[in-house]
Amino acid sequence: MLDSTDSATLAQVDSETLSENVFRRIQAAIVRGDIAPGSKISEPELARTYGISRGPLREAIHRLEGQRLLVRVPHVGARVVSLSHAELVELYEIRESLEGMACRLAAERMTVEEIQELRNVLETHERDSAFQAGVGYYQQEGDFDFHYRIIQGARNSTLTQMLCGELYQLVRMYRIQFSTTPNRPRQAFSEHHRILDAIAERDGELAELLMRRHIGASKRNIEQRYQAQDHQAATARGEQ
C-alpha cells in the first residue's frame, strides 16, 4: 500500500517521463521541419496532438526555448525559431571557429579506437538510402553524427556544452534544411573523409583548416540559396 508521499513521488516521476517524451517528440518535429520555422505554438493544440496535460507540456516548451528552437514573442507567445539570413550566417561563423578548434583538439586527444569508430560512422552514412540517391545526407544525431563525435573527442567540456548542448539542435535543424542541395551530400561526405584522415594522422593544424573550410562551404551554400530565393522573389515582382 502506497502512502501519500510515495504516491506524490510516483506522480512526479510520471509527469517528468511525460514531459521528457513530449519534449523529444516536439524537438524532433521541429528539427525535421515537420513543424515549420516561424510557426506559432498552440499549447491546446499540442496537448491534444500528443495527449498530454498542460503542465508537462509547458515544461517541454520551456526546455525547447532553452535550446533556442522556440522563441517567446511579446503579445504573441511561443514560435518556432526562424533565423534571418544574417543570423544564420553568424551561427555558421561561430561553428566555423569553434568546430575548427574542436577538430584540432580531437587530432591530439581522440584514441585510435575512437578514430576507427568515426570511420565506421562514415561507412553508415555512405550506406544511407537518401545519400545513395543523392537527395540528402545522413542526419541522425548523437553518436551517429560525425560533427558530434569530433566535438566529444576534443575533450573540452566548455566546447561540448556550447556545441553539443545549447546550439546542437538548432544547428541540426539548419543542417537538415540545407542538406538536400544538389551535389552537396557527396561533397560533404568527401570533406568528412579528408577531415578524418587529418585527425588520424594527428595533424591538428590541417584538421582545423579542413573543418573550417567544410563549414565555410556550407555557409556559402546557404548564402547562394538565399540569393536564389531573393532573385526568384524579385522576378515574381517583375523586377530586374
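Please treat every number below as a calculation from the coordinates, not as lab data. On a predicted model such as this, the values are computed, not experimentally measured, just so you know. Neighbour counts are summed over all protein chains in view; Cβ atoms, including those assigned to glycine, are modelled from backbone coordinates with ideal geometry.
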- Please work out the Cα center distance from the stretch 141-158 to the stretch 168-227, rounded to the nearest Å. 15 Å
- Query: Which residue, M173, M110, M162, tops the fluctuation ranking in a GNM of the chain built on C-alpha contacts under 10 Å?
  - Reply: M162
- Put a dot 7 Å past each Cα toward the Cβ at E201 and R220; how far apart are the dots in nm? 2.2 nm
- Once both labels are modelled 7 Å past Cα along the beta-carbon direction, what's the A228-N21 spacing in nm? 4.1 nm
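Which of the trypsin sites (Lys or Arg not before Pro) found in the stretch 140-240 are in a DSSP loop and have at most 11 neighbouring Cβ atoms, other than their own, within 10 Å?
Numbers: sites: R149, R155, R172, R175, R186, R194, R202, R212, R213, K219, R220, R225, R237; in loops: R155, R202, R237.
Counting only loop positions with at most 11 other Cβ atoms within 10 Å, the trypsin sites (Lys or Arg not before Pro) in the stretch 140-240 are R237.
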- Pairwise label distance in nanometres, L209 with R68, each label 7 Å out on the Cα-Cβ vector: 2.9 nm
- Message: As an exercise, find the ratio Rg/Rh for the chain from alpha-carbon atoms, using the Kirkwood inverse-distance average for Rh.
- Response: 1.04
- Message: Calculate the FRET efficiency for M162 and T235 from the Cβ-Cβ distance with a Förster distance of 51 Å, rounded to the nearest 0.05.
- Response: 0.80
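Roughly what % of Cα-Cα distances in the stretch 73-154 sit above 17 Å, to the whole percent? Spell out each step's value before the answer.
Numbers: 2080 of 3321 pairs.
So the pairs more than 17 Å apart make up 63 percent of the total in the stretch 73-154.
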- Message: Just to be sure I understand: with springs between alpha-carbon atoms less than 10 Å apart, which residue in G216, G55, G153 has the highest mean-square fluctuation in the Gaussian network model of the chain?
- Response: G55
- Task: Select from V76, V121, V89 the residue whose mean-square fluctuation is largest in a Gaussian network model of the chain (Cα-Cα springs shorter than 10 Å).
- Result: V76
- With θ set to phi - 60° and the Karplus curve 6.51 cos²θ - 1.76 cosθ + 1.60, what are the ³J(HN,Hα) couplings of the stretch 141-153 in order, to the nearest whole Hz, using x for Gly and Pro? 9, x, 5, 8, 9, 3, 5, 4, 5, 5, 4, 4, x
- Task: Calculate, for Q116 and V76, the FRET efficiency according to 1/(1 + (r/R0)^6) with r their C-beta to C-beta distance and R0 51 Å; round to the nearest 0.05.
- Result: 0.55
- Note on the structure: A chain fully extended from Y50 to T124 at 0.36 nm per residue, minus the present Cα-Cα distance, gains in nm 23.5 nm
